[in-house]
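Quick one: the structure is below, and I'll ask about it shortly.
The values are calculated or read from the model by the stated rules, or taken from the named source; none is laboratory data. The model shown is predicted, which means the values in this text are computed figures rather than measured ones. Cβ placement follows ideal geometry from the backbone for every residue including glycine, while neighbour counts extend to all protein chains displayed.
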Amino acid sequence: KRLILLQYFLLKSSRFVVEKCLSIRNMAEAMKQTVASMLKGIERYNPDNLPTLERYVEVQSRENAYDLEANLAVLKLYQFNPLNFNTDITSQILLKALTNLPHTDFILCKCLLNEKQLSEDPINQIVYLADILEQCDFEVFWTRIHSLPELTQRITGFVDWIRKFVCHVVGITYQTIERTHLAQLLGDVDDSTLKLWIKKYGWKETGSLVFIANQDENIKTKNINEKIDFENVGAIMASCR
């Protein structure tokens, strides 16, 4: 009887979790549609839309969603209405932009901030993280992240997105790499996590090495055909006589 009650309780709990997740996902989708309508025409510059847009940023952070256009609109509204500037929301926008590396989203967002805003804490720390990532100094990046866990903990999926960027860089840089070095680049991951990323990218393990790719095979040749009609050069030839 107790077993039946336990199974019933677990079933109800799992249904609640699923329904809650679906509800949140539907809310995120609904907000995306609402925000899309706000970004049309002159409404994009209406400061009354800021509370909704800021809530949407928080939804993106919580639900591992991303909407660059909406986030840029928030920063643009801060430009026009500096008294409404929100450091916390801006920090979330910048961190979300980092999750979309190697695209230039972070630069686009950064260009909408003035020097005073960029010097504020924790925005200045996020800018420093971006500089480290741009230099591909991943071991320094992870050391910094581990020392400031509160900086990124609200951005769901942040670590995995950065690891995806690391794998992108590794994929275009290495043919083979030491397993231990790859683990360090991914943030000192354990063996099981390392295997998951190796499998995800179709890399091969050979002893202490990981075979990434034959870079020669990735070189794509391009043939350029130029068609020159006699009529096009006739005048030039005549002038050379």
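List pairs: first residue in the stretch 140-155 and of a type in the set (S, T, N, Q), second residue modelled with pLDDT of 95 or more anywhere in the structure, Cβ distance under 7 angstrom, at least six positions apart or on different chains.
Correct list of pairs: Thr152/Leu95; Thr152/Ile145; Thr152/Phe158.
Return yes or no: is Gln33 at pLDDT 95 or above and in a helix (DSSP H, G or I)?
no
If Leu101 passes every condition in (1) surrounded by fewer than 18 Cβ atoms within 10 Å (Cβ to Cβ); (2) outside any helix (DSSP H, G or I) but one, which one does it miss?
Leu101 satisfies every listed condition except (1).
Go through the residues of the stretch 179-200 one by one and say whether even a single one is touching a His at 6+ places or on another chain (Cβ under 9 Å) and either loosely packed, with under 13 Cβ neighbours inside 10 Å or modelled with pLDDT of 95 or more (or both).
Scanning the stretch 179-200, I find at least one residue that is touching a His at 6+ places or on another chain (Cβ under 9 Å) and either loosely packed, with under 13 Cβ neighbours inside 10 Å or modelled with pLDDT of 95 or more (or both), so the answer is yes.
Suppose we filter the stretch 140-156 for residues that are of a type in the set (D, E, K, R) and surrounded by 13 or more Cβ atoms within 10 Å (Cβ to Cβ); how many remain?
2
Could you say which residue among Leu133, Leu75, Leu129 is in contact (Cβ under 8 Å) with a residue 24 or more places away in the chain, touching a Cys at 6+ places or on another chain (Cβ under 7 Å) and part of a helix (DSSP H, G or I)?
Going through Leu133, Leu75, Leu129 in turn, the sole match is Leu75.
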